[in-house]
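A quick write-up on the structure given underneath.
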């Protein structure tokens, strides 16, 4: 047996069904398209939804999503607290100094050093900042977030989180 003598076994290759070739055989007249209507006539594009905005146009083009429950902090470093020269630093003090906007949440970060005892009240602290404040003889107070415990309320509307 040679390569050109090979062929598929009987029944393995089926002829495709040719519809719309007269009323004599199967698939004649309406050719399996039913009677009348949009699909009985010409082709309908894939994804066509009858004039409604198609799904492929409704979903966003770019990947990723925006977390509506994200908690945003304003960072304040130790060198800024040192420059204030206050005994007690809390969000109101930082607002007065122009380092924080009113109603914003503050997180103290560990850049810089403290040379004196300071009581710092903030919503969050980095581990290095907390260690530096306590090493300088100061104390750390955690302020409750404005939304209470648990997750914050969702920001944006139904369209911002698509």
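Listed values, structure above:
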| item | result |
| --- | --- |
| Selection count, segment 111-129, where residues are surrounded by fewer than 17 Cβ atoms within 10 Å (Cβ to Cβ) and either in a loop (DSSP other than H, G, I, E, B) or in contact with a strand residue (DSSP E or B) (Cβ under 6 Å, 6 or more places away or on another chain) (or both) | 8 |
| Qualifying residue in segment 20-30 (condition: in contact with a helix residue (DSSP H, G or I) (Cβ under 6 Å, 6 or more places away or on another chain), surrounded by 10 or more Cβ atoms within 10 Å (Cβ to Cβ) and more than 30 Å from residue 122 (Cβ to Cβ)) | no |
| The one condition in (1) in a helix (DSSP H, G or I); (2) modelled with pLDDT of 95 or more that residue 108 fails to fulfil | (1) |
| Filtered residues of segment 39-51 (kept if out of contact with any helix residue (DSSP H, G or I) (no Cβ under 9 Å at 6 or more places or on another chain) and either at pLDDT below 85 or exposed (fewer than 10 other Cβ atoms within 10 Å of the Cβ) (or both)) | 41, 42, 43, 45, 46, 51 |
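Conditions tested, residue by residue: (1) surrounded by fewer than 13 Cβ atoms within 10 Å (Cβ to Cβ); (2) in contact with a helix residue (DSSP H, G or I) (Cβ under 9 Å, 6 or more places away or on another chain); (3) assigned to a loop (DSSP other than H, G, I, E, B).
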site: 16; (1), (2), (3): yes, no, yes
site: 56; (1), (2), (3): yes, no, no
site: 66; (1), (2), (3): yes, no, yes
site: 86; (1), (2), (3): no, yes, yes
site: 94; (1), (2), (3): no, yes, no
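The values are calculated or read from the model by the stated rules, or taken from the named source; none is laboratory data. Every value quoted in this text rests on a predicted model; they were computed, and no experiment measured them. We place every Cβ from the backbone using ideal geometry, glycine too, and count neighbours over all the protein chains shown.
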